[in-house]
Structure formats: C-alpha cells, structure tokens
Amino acid sequence: MSASPISHGRALAYGTGSIAAASFVVAPQLLLLFFLTETLSVPPAWAGLAVLVPKVWEFLFDPAVGMLSDRTKRRSGRRWPWLLAGALLLPPSFMVLFAPPVLEDWRLTLGFVTLAFLVSTSAYSIFAIPFVTLPGEVSDDHAQRTRVVAWRMAFVGVGVLAAGGLAPALVQAGGGGRAGFAQMGVVLALLCAAVMLLAALAARGFRQHRPPVARGPENPLRHLMANRPYRWLWITYVVQMVAIAVTAALLPYAVQHVMKAPGEMVAVLFVSLTAGSILTMPLWVRIRARLGSLPAYLLATLVCASGTATLYAVTAQDVVLACIATFLAGVGQVGQQLLPLTLLPAATEAAEGDAGARHAGLFAGVWVAGEKLGMALGGALAAMMLGVVGYVEGGGAQAAGTVSVIPVLFALLPAAILLFSLLPLRHLTRHSPGLGG
C-alpha cells in the first residue's frame with residue numbers, strides 16, 4: 001500500500017533530528033575523556049571506563065531496541081513513539097553528564113559520570129535506531145524515500161559543526177572548568193530537545209508502507225551475523241571507528257600540551273576537519289560511481305590513514321599547518337564513513353532474504369552498536385595509552401617525555417589502526433567482489 005505524498009516541509013522537519021544525533025555522537029567523543037581527566041581529575045586509565053562500559057552495554061541494548069521497534073504495532077506508525085521517548089530522555093541525561101555534583105572521591109565522580117553516560121547513550125539509541133530505519137519505510141516511492149534521506153543527511157553536517165565547533169567554544173565562553181562544561185551541556189541539550197521533538201512530531205505524520213513483522217521464520221540475528229559480506233563490512237567499520245575515536249579523544253590534549261594553544265583551537269581544528277569532509281563528499285560520490293563501492297572504499301581507507309598521519313604536524317606548533325593537516329584528515333574520514341553506508345544495503349540483502357522477513361530495525365541496531373563499540377574502544381584505548389605514558393590528571397604541566405608521545409598516539413597510532421583495517425576489508429573484497437559495484 002502506498003503512503004500519502006511526503007511534503008518537503010515534513011521531510012525537512014524530520015531531517016533536523018540529525019542535528020541531535022550528530023551532536024551527541026561528537027561532543028562526548030571529543031570532550032568527555034578530556035573533561036574527566038582535566039576538570040574532574042580522574043586518572044586516565046580509569047576515565048576510559050566511563051567511555052567504555054556504557055558502550056559495551058549498548059552493544060547488547062541496541063539490537064534489542066531494533067527488534068522491539070520492529071515488533072511495535074501502532075496505527076499511527078511503529079517508529080515515532082520510540083523517537084518521542086528518546087527525545088524526552090536524552091536532553092536531561094546529557095545535561096547531567098557534563099554537570100556532575102561535587103563529590104569528595106574521584107571514584108564516586110567516575111561512577112556518577114559513567115551512569116549518566118549509560119543513561120544518555122541508551123536514550124540516544126532509543127531515538128537514533130528508529131530514526132535511521134524509518135526513511136526506508138515511509139513510502140514505496142523511491143523519490144519520496146530519497147527526499148527524506150536527503151534532508152536527514154543534510155543536517156548531519158550541521159550537527160557535527162554544532163558539537164565540534166560550538167561545544168568547545170561554549171566551554172571556553174563559560175570560563176572553562178566545571179562551569180564551562182555545564183554551560184555547554186545545557187545549551188546542546190536544549191538544542192537536541194528542540195530538534196528531536198520536531199523530528200518525532202514529523203514522523204507521526206508518516207505512513208509506513210510495510211506492515212510490521214512480528215517474527216521471522218528463524219532467528220534473524222543469527223542469519224545476519226552468518227552473512228559474510230555483512231560480517232566483514234561490520235568488522236572493518238568497527239576497527240576504523242576505533243582509529244577515528246582515538247584521534248578525536250586526543251585532539252584536546254594535542255592542542256593544550258603539544259601546540260600549547262588556547263582551548264578555542266580545538267574548535268578551529270575540528271571545523272577544519274569537518275570542512276575537509278563536507279567539501280569533498282561529492283568527490284567521493286563521483287569516485288564511487290567511477291570505481292565501484294569496494295575499490296572506492298579501499299582508496300578512502302588509504303587516504304584516511306595518510307591524512308590521519310599528517311596530524312603529526314601539530315608538533316610544529318603552527319596553526320596554519322595544523323589546519324591543513326586536519327583538513328586532509330577530514331578528506332579521508334568522509335570517504336571512510338560514507339562508503340560503508342553505500343555497501344550496507346547490498347551486504348544485508350542476503351541476510352534479509354534468508355530470514356524471510358524484513359528486520360530493518362534489528363539491522364540498524366547491530367550497525368549502530370558496532371559504531372558505538374568502535375568509538376568506545378577507541379576512547380578507552382586513548383585513555384589507557386595516556387596512563388601508560390605517564391599522563392597526570394588535573395590539567396597541570398606534563399613531563400616532556402609524555403608530551404612528546406602525544407602526537408604519536410594522536411596521529412600515528414590511529415593511522416596504523418586504519419592500515420590494519422585493510423585485513424578485514426581484504427576478506428570483504430575476496431568474498432564479495434561484486435558488492436556495491
């Protein structure tokens with residue numbers, strides 16, 4: 001059954017939800033570890049737990065959200081109630097994340113922040129998984145589905161800039177420290193609340209053209225993970241997200257201790273990186289059309305590794321050179337993150353056929369869980385390596401030997417991880433040479 005035509009206004013309103021989704025992904029990835037070690041004086045190795053534990057939980061939670069949203073039955077649509085629930089839960093938990101109470105023991109502070117991050121990231125999943133899934137279900141008309149997806153993707157860049165550019169600036173404008181981070185959390189939480197509620201209300205007007213499937217003839221998760229193209233694509237992407245997360249988590253440390261620049265420079269470099277991504281996205285679309293998705297993905301991985309290695313230029317303490325390096329890193333990152341999404345539908349198609357039913361929410365949940373796991377492992381790895389090289393929490397001066405290693409951890413280690421991801425990518429190419437061609 002075809003759905004009613006979808007207006008540009010409703011598609012635009014739905015797409016604004018990407019601002020919240022991107023903001024929540026980027027802000028903790030960029031600032032949470034730094035907030036814990038510098039402002040809350042949590043030792044780096046322990047601070048990594050606050051990043052890792054909630055994300056490991058999400059690895060189990062996200063597929064469950066996907067399956068439950070697949071099985072929801074409402075005449076007004078099965079996805080939008082989940083969007084509304086996420087819109088109500090995420091903003092307050094995000095505020096609390098960056099405004100913990102003053103506690104005597106850093107262990108209590110660590111426990112509070114970990115719990116707040118677990119609640120907020122769970123709320124994010126409740127919103128994000130149906131948000132990613134719904135555009136493919138709003139109509140059997142390809143043009144209408146494309147319209148919804150186009151607006152959703154258009155606002156991703158706005159959210160990335162809001163978190164990566166605005167968030168560090170808000171911290172500095174608030175005077176830094178606890179007050180600055182609390183101000184940032186409140187402003188971003190209010191922004192997220194507005195756009196998430198708007199997206200949820202817009203989604204209520206959509207009419208899904210496929211009825212919800214209560215259950216398939218067999219276990220869909222088992223079929224999904226037994227599918228070789230999907231499995232190798234998923235592993236490749238998770239490994240690459242580890243590398244991206246290491247770079248993001250260590251950016252504030254590179255700015256403060258290696259470049260010896262003010263905190264505002266974090267925003268400048270992140271905007272430069274984002275500019276490299278946004279401006280060259282059409283280029284990667286053309287490369288994919290010319291080479292095919294798999295060869296283009298291989299090329300993007302090599303470019304991303306090379307661009308990430310250039311971030312070692314922060315050792316020169318030259319702002320222009322650092323901006324050029326982050327721009328080049330952004331060129332590689334956009335290809336590395338865009339092209340797997342072009343391969344994902346073809347990779348999951350066989351699994352859907354084997355399962356005998358569409359479980360789009362489950363597939364989205366497993367993919368989002370993998371993305372979160374990669375980011376969590378990257379953040380935890382960054383924290384652990386800071387502890388290994390003798391980084392001292394509290395925002396004070398660091399030993400010369402510790403500072404000299406930060407560029408290696410910030411640039412060369414992630415580049416090596418990206419090169420390592422070529423191994424599962426090679427398996428993907430071997431098992432599915434015609435995938436996404």
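The values are calculated or read from the model by the stated rules, or taken from the named source; none is laboratory data. This is a predicted model, so every value here is computed, not measured. Cβ: placed from backbone, ideal geometry, glycine included. Neighbour counts: every protein chain shown. These accessible areas exclude ligands, DNA and RNA; they are computed on the full protein's heavy atoms, side chains included. Shrake-Rupley method; radii C 1.70, N 1.55, O 1.52, S 1.80 Å.
Numbers at a glance
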item: Check on residue 82, modelled with pLDDT under 90, open to solvent by 40 Å² or more (accessible area, probe 1.4 Å), assigned to a helix (DSSP H, G or I) and in contact with a Phe, Trp or Tyr (Cβ under 8 Å, 6 or more places away or on another chain); result: yes
item: Hits in the range 11-50 - residues which are at pLDDT below 85 and either open to solvent by 20 Å² or more (accessible area, probe 1.4 Å) or touching a strand residue (DSSP E or B) at 6+ places or on another chain (Cβ under 6 Å) (or both); result: 12, 25
item: Subset tally (residues that are open to solvent by 50 Å² or more (accessible area, probe 1.4 Å) and of a type in the set (Phe, Trp, Tyr)) for the range 94-138; result: 2
item: Within the range 254-282, considering residues that are polar (S, T, N, Q) and out of contact with any Phe, Trp or Tyr (no Cβ under 6 Å at 6 or more places or on another chain), the one most open to solvent (accessible area, probe 1.4 Å); result: 256
item: Only listed residue being open to solvent by 30 Å² or more (accessible area, probe 1.4 Å), at pLDDT 80 or above and more than 29 Å from residue 263 (Cα to Cα), chosen from 197, 166, 190, 233; result: 197
item: Unmet criterion (only one of (1) at positive phi; (2) touching an Asp or Glu at 6+ places or on another chain (Cβ under 9 Å); (3) not hydroxyl-bearing (Ser, Thr, Tyr)) for residue 390; result: (2)
item: Residue among 238, 268, 246, 255 that is farther than 24 Å from residue 416 by Cβ, part of a helix (DSSP H, G or I) and either among the hydrophobic types (A, V, I, L, M, F, W, C) or under 20 Å from the mean Cα position of the chain (by Cα) (or both); result: 268
item: Candidate set: the range 169-185, residues that are open to solvent by 60 Å² or more (accessible area, probe 1.4 Å) and in a helix (DSSP H, G or I); chosen: the one farthest from residue 36 (Cα to Cα); result: 173
item: Residue in the range 295-306 that is touching a Cys at 6+ places or on another chain (Cβ under 7 Å), open to solvent by less than 60 Å² (accessible area, probe 1.4 Å) and not polar (S, T, N, Q) present; result: no
item: Residue within the range 372-388 that is open to solvent by less than 40 Å² (accessible area, probe 1.4 Å), more than 13 Å from the chain's Cα centre (by Cα) and not hydrophobic (A, V, I, L, M, F, W, C) present; result: yes
item: Flag if residue 121 is modelled with pLDDT of 70 or more, in a helix (DSSP H, G or I) and either more than 14 Å from residue 17 (Cα to Cα) or not small (Gly, Ala, Ser) (or both); result: yes
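Results for (1) at positive phi; (2) modelled with pLDDT under 90, shown as yes or no for each residue.
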residue: 221; (1), (2): no, yes
residue: 248; (1), (2): no, no
residue: 260; (1), (2): yes, no
residue: 264; (1), (2): no, yes
residue: 280; (1), (2): no, yes
residue: 285; (1), (2): no, yes
